[in-house]
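Data block below; observations after.
The values are calculated or read from the model by the stated rules, or taken from the named source; none is laboratory data. Worth saying up front: this structure is predicted, and the values here are computed from it rather than measured. Here the Cβ positions follow ideal geometry from the backbone for every residue, glycine too, while neighbour counts run over all protein chains shown. Accessible surface areas use protein heavy atoms only, side chains included; no ligands, DNA or RNA. Shrake-Rupley method; radii C 1.70, N 1.55, O 1.52, S 1.80 Å.
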Amino acid sequence: MIAELLAEITVSSLVDATKPVITLSDCDSVEVALSTLSHNAIQSAPVVDSDTGAYKGFFSSLDVVRYAVQLYSEGQGDGGDAPAWTAFAEDVKTLAHRGVRFGIKPIKNIMGEMSEPFIEISEHGTLAQLLDVLVSRKVHRVGVKNDAGSLVAIATQSMVVEAVAKHMDSIDLKAESVEKLDLGTSEVISMSYQAQAITAFYLMFFNKVPAVAITSSEELVANISASDINGLRAESFDQLLDPILTFLARRSYPGRGSNTTSLKVKPVVSCTRSSSFETVLLKLTAYRLHRLWVVDKDDRPVGVITLSDVLTLLHAFAGV
């Protein structure tokens, strides 16, 4: 049933081609790019080559995390261990100076082989074709072009999951458990709620993950992802030295300055090994999540289910 559903839905029905696509120039500074992502509440944006006018890839928060860690690790070899690297970053003057350097850097100078490539699909393509491109090319988004070859929208993993979730009756797997479907088996990278925010980005970089679980006495209390660096300006880079929960509170409630005493971090949405696939899809879509943490009976994180995991499962099951 799911194969028929994927063949019926078109890419054009998933996107809004009437809205302008937010793009970046490869000459834009990191600070401008971060501000653009934050202001438009998007995870990434296609980058236009200032010389050729062609799209050269997607700039995302992960590019920023990689560059930030490399910048602050200068002189530290390959970055060293986390305690030594964090101690180095405690030099606020150095942090502030490098924050300025960070902010003015053109994004073309920090995008590299690990940046997401620009891949396109026709607006007349099917959901099955979109799913195949996302899974086979291991990307999170693709550009959608019309018959004239113009970029009219960006199709994302989230859009695919939302489309499938709207047709739950067509999903034969909906009653199967997370454990039976072998979901949420990826290793959890976690850190203490007492650690500094900068440590989280260190962990993302060196473990090549987009998010880190925040724990207290091993219990999941929060989560931080690469997109939490969006909107950070050069003059506020010392916030990376804040305790992780303070940093997250500032990210959740911008404009409150240093007054975070009354602010609380948004609760983490999770599931268990026994949760159904239907529950997973509904939580991902209802809360507009990019990942769902799997916890045990004591609320300890034991796995994480990403949108990539969900799409890979659908891709295999539908025989796309």
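Brief remarks follow.
- Separation between Cα centres of the stretch 101-146 and the stretch 11-47, rounded to whole Å: 12
- Maximal additional length on extending the Lys266-Met114 stretch stands at 51.7 nm, based on 0.36 nm per residue less the C-alpha distance.
- FRET efficiency for the Tyr193 to His124 pair, using the beta carbon distance and R₀ = 35 Å, is estimated at 0.15.
- Sites Leu173 and Thr23 - FRET efficiency at Förster radius 41 Å, r taken between beta-carbons, to 0.05: 0.65
- Of Lys138/Lys266; Lys208/Lys297; Lys180/Lys283, those spanning more than 21 Å from alpha-carbon to alpha-carbon: Lys138/Lys266; Lys208/Lys297
- Paramagnetic label zone (point 7 Å from Cα along Cα-to-C-beta, Ser236; backbone N under 20 Å) in the stretch 18-59: 29-45
- Summarising the amide proton neighbourhood of Ala222: residues at separation of 5 or more, or on other chains, whose placed amide H is nearer than 5 Å comprise Ile214.
- Within the accessible area of the stretch 197-250 (1.4 Å probe), percent carbon and sulfur: 44
- Length-normalised contact order for the chain - Cα pairs under 8 Å, 6+ apart - percent: 22
- Surface accessible to a 1.4 Å probe, per residue, for the residues of the chain, Å²: 47
- Protein accessible area in the stretch 119-171, 1.4 Å probe - carbon and sulfur %: 46
- Straight-distance crosslink candidates among aspartates and glutamates, where the alpha carbon sits under 20 Å from Lys19 and sequence neighbours closer than 8 are dropped: Glu120, Glu123, Asp147, Glu162
- Of the residues Asp296, Asp147, Asp49, the one that moves most in a GNM of the chain with alpha-carbon contacts below 10 Å is Asp147.
- Long-range amide H partners of Phe59 with built H, under 5 Å: Ala45, Val47
- Placing +1 on the Cβ of every Lys and Arg and -1 on the Cβ of every Asp and Glu, with nothing else charged, gives the chain a dipole about its Cα centre of roughly 680 debye.
- Among 4-14, 223-233, 202-212, the order from most to least packed when residues are scored by Cβ within 10 Å on average: 223-233, 202-212, 4-14
- Of all aspartates and glutamates in the structure, those lying under 18 Å Cα to Cα from Lys108, and not within fewer than 8 positions of it along the same chain, are Asp26, Asp28, Glu31, Asp49, Asp51, Asp63, Glu116.
- Ranked packing of 105-116, 36-47, most packed first, by mean Cβ within 10 Å: 36-47, 105-116
- In a fully extended conformation the segment linking Ala54 and Ser13 would gain 12.2 nm over its present Cα-Cα distance, using 0.36 nm per residue.
- Compactness of the chain was expressed as the Cα radius of gyration divided by 2.2 N^0.38 Å, which yields 1.02.
- Length gained when the stretch Asp296-Ser216 is fully extended (0.36 nm per residue, less Cα-Cα span): 27.3 nm
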